[in-house]
Each structure stands twice: as C-alpha cells, then as structure tokens.
Amino acid sequence: MLEVVDEKPGAFDRHDLNLLSTLAGPAAIAIENARLYEETARLLAEARVLQEVTLAASSTLDFDLVLSRTIQAIRRTLRIDYLVFALPDESGEGLTIHPSLVGFVAPSEEYLHIPLEESVCGRVYATGRPELVEDLSRDSHYFQETPGLRSLLAVPVKVENRVVAVLGAGSVRPAAFTRSDLRLFEAIAAQLGIVMENARLYEAERELRKLVEWSRTQLVMNERLVATGRLAASLAHEINNPLQAVHNSLQLMLSFSLEPEEQREYLQIAAEEVKRLMDLVSRMLDFARRPRRGMKVVQINDLIKRSLTLCNKYLQHHHIAVRRDLDPNLPPVQANPDELSQVFLNLILNAVDAMPEGGSLCITSRLAEDGRIAISFTDTGHGIPDEHLGRIFEPFFTTKEGGSGLGLSVSLDVVRRHGGEITVKSTEGEGATFTIWLPVLSAKGEA
C-alpha cells in the first residue's frame, strides 16, 4: 500500500490519486521482484550448503572432516554467531560439544558439557524433536552459560530413528532463525546421520577384518603346533642318533689312550654330529614359531623340499616311500613361505594318515597349460568316499578320531589368499590326489 499525507486539508485531488495509482503498480512489481530475488538467493544458498555437505559426505568416511566442512559451509551461508555439534557423554546424563564449534571460547573442559535437563539441546536430544526458540530469555529450559545468546535453533541427528547427536545454531539477535533455516538444518542433520552410521559401519568392518586376520593366524599357528606334536616322536629318534655318536666318540676318548690323530678324528665326528643336531633343532624351532606376515618371491620347489626335510624321519617311521618329480624350471611365485610350507606339510601328514600300513607318496610340481603352477600330492591310501568329497574342506569336518577338522579348511583359506585353489580327485580304495594351483609371478612382479 502507498500512502501520501499532507497537513493541509484538500491538498490532493483526483489527478494526484491517479498519479499515485500509476506509481503503485511498478512499485508493487519492484517489491515483489526484490522479494523473489531474496527468496531465490536464499534457496540457492541453501542448495549450495546441502551440495557441499553431500559432496563432503560422499568423499570421505572421516566424520570429523565432514563435520568441519559442514560447519564451514553453514557459517558462510547463514548469519550465525554460535554453532555446535553435541554428542552424548559417557555418563549418558549430558552432551559434550564437539571440537568443531563456532563462536565459543571454552575456559575449561567443564564448559564443553551441556546438561540434558537444563538446555534446549538436551531437550531436543531427549525428545527427538527439533526446536526453534526466538527468545531464549523467555525459555525456562535455557542453559545460562552463553552470555548474550538470544535465539537458538536445534535439530536432532538420527540413525535409524535413534537420536545420536544434536546440531545447534545460536545468534545474539532475537528471532534470527526462520522455519526455512530449521528445514535446512534438518536436511543437514539427516546427511550427518548417514555419515556417522557409515563411519561406524566402516570402523566395525575394519575391526572385524582385524579379528578375522587374527583368527586366521591363530588357526595356522594351531595347525603348526599340532603338526609339531605329530613329528615330535620321530624327531626324538632323529636327535638320538647324533647324540649317540657324540657320546660314543667322547667315551672312547675318555676310556683309551689315543694318539692325537685319533683324538682329532673322534672330535671331528662329535663336532659334525653336534652341527647336525643344531640344524635339526633350528629347523624345528623355525617351523614351530608364529608365521611371519608378508609376501616374498619364493621358489615352490624349495618350500616342498623344506617340508619334506622336516618330516623325513616321520615318513620313514610310517613306512612311506616318497617320490619327487619337481620341475626345475618353474617360475617364482609371490607367497608367504611359512604359510605355504604349512599347507604342504598338512597334505603330507594327511597322506600318511591315509596309509596306516605304509605306502607311497608322489609329489610333483609343474607348469600347467593355463600358466599356473600345479603341485600335486598323490598317495596310495584308502581314498575318500564319494559322500565325503564335497565336505572335506568344511571347517570341523573330519572322519579321523581326535581330529580337529581344520587342517584342510585352513590350507584352502591360505591358498585362496595366495590367489590359488585346491582340487582333489579320489577313488575309494585307490588313494587320492590333492593339487594346489598357484598363480606365477608376472614380469611386473605381480601374482
């Protein structure tokens, strides 16, 4: 409405009214255009804030970084004197202000604590409903520790309808925030809730992966200890032979007056046998220790020979004849030597179990037509029944009395983590062949 006032009576005539009416139309259009421009500018600013928050949320799982960028975007867009993100404290009786705050200068740690019972943010957290307070001096729930704060806006941050935090903004001006601001903050809070949940899920997955890796390491270690126990009796016999040779040499030197040359000969025998003992104990300790992590370039044939050396006496005591047909020209592989050696030993010991009356074990290595290395363990044992073939790699499946049922399961897991596979062929009563398939090392040093 346009109004013109003059102190003189009858100062205006119809001509003045017509002129004023003519001016009113363009003025109304100008006012509406200004209002529309301001509304459009506000909507664009809000859209820009939401875009920045969305981009931040989609670019990282670091919640603190997303929150920092969000607060910066809000501060650039709205006239805000105070901005807080409050999380529940450990006691559950209050909220703690996140370090990414705006406008506060905390004199102490206690200042960063907001009680649930005496604050607007606490009320929003408890009820799960947003609040827009135009004048805090008239609000009995106002937490009187922010001098000069007059108006406040607070919205809940939810994850699956559960309040997990509160996003709040304050101003030294009364009625500084509108319903549009409230809707904007609710949209921002929804994004922050998604980011918080994604960050929590990512951290939970990371912890689960660490637990799975630890469990795998423990399983491999347990299998190594089981194998060590099975080899212990054979190793005792293997240790006894060099000890007997050392004892005999020293006994001869003590019992008879020998020429220096003869003494030197017996001492040489004793020294060689002690060296053999030291090598044997070193191999056993090396096998029994916790597997080292990490991959390295290895030759498969060396790992096969290492496993056979370790259980050579065990195979002899069980009357197992071993035949090796190892391709000397195999390319290297990228592998964890401790873990693969454990797999080879597991298959050797399983073959021994399948031949309680003795038999033969043939171990071959070759480069297959598909470019992978194939390592086969073929025994002449009792074979595997058809109904068991599909289950032998299942955890805890075993047909052996006292067996854990984890040896083949652990072996398959190790081989798969090396990018390989294990296959088995068997005819009941005619033995079995387990074949490990491993990728070779490429020219770029990748498996």
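Please treat every number below as a calculation from the coordinates, not as lab data. Please read all numbers here as calculations on a predicted model, not as lab measurements.
Across the stretch 306-389, Cα pairs under 8 Å and at least six residues apart give a relative contact order of 33 percent. The average projected area of the stretch 294-447, computed from the convex hull of its Cα atoms over all directions, is 9.1 nm².
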